[in-house]
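**Q** Please find one structure pasted underneath; my questions will follow.
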């Protein structure tokens, strides 16, 4: 149980790295859909790349014990934002061409992040 915080941090970091690096390739359908439906072209590519950089930064912060609390906060902000967009009319839970798995993954990562936050406060 002593290493559970590290295990949770590694799992979250892997998730943030996985999703973060995808934001630096070609256009991302998620951000394209948000840009199209909201009418705000800044979502693709500016906010997409900023989100990817934030996810990679959160992953790095989570892996180092002295900065883990900052990583937890960054992760919470990113995941709450992602879930908020999934619940908005701009994106939706069931993303066209992708399905609802992305929303479920965001909720699961949020729960893991909250568990890590609670465990870190107790340590």
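**Q** Tell me, yes or no, whether segment 105-122 has at least one residue that is modelled with pLDDT under 95, in contact with a helix residue (DSSP H, G or I) (Cβ under 8 Å, 6 or more places away or on another chain) and surrounded by 16 or more Cβ atoms within 10 Å (Cβ to Cβ).
**A** So far as segment 105-122 goes, yes, one or more of its residues are modelled with pLDDT under 95, in contact with a helix residue (DSSP H, G or I) (Cβ under 8 Å, 6 or more places away or on another chain) and surrounded by 16 or more Cβ atoms within 10 Å (Cβ to Cβ).
**Q** Restricting to segment 51-73, name every residue that is farther than 14 Å from residue 116 by Cβ, under 10 Å from the mean Cα position of the chain (by Cα) and in contact (Cβ under 8 Å) with a residue 40 or more places away in the chain.
**A** 56
The values are calculated or read from the model by the stated rules, or taken from the named source; none is laboratory data. Since this is a predicted model, take the numbers as computed values, not measurements. We place every Cβ from the backbone using ideal geometry, glycine too, and count neighbours over all the protein chains shown.
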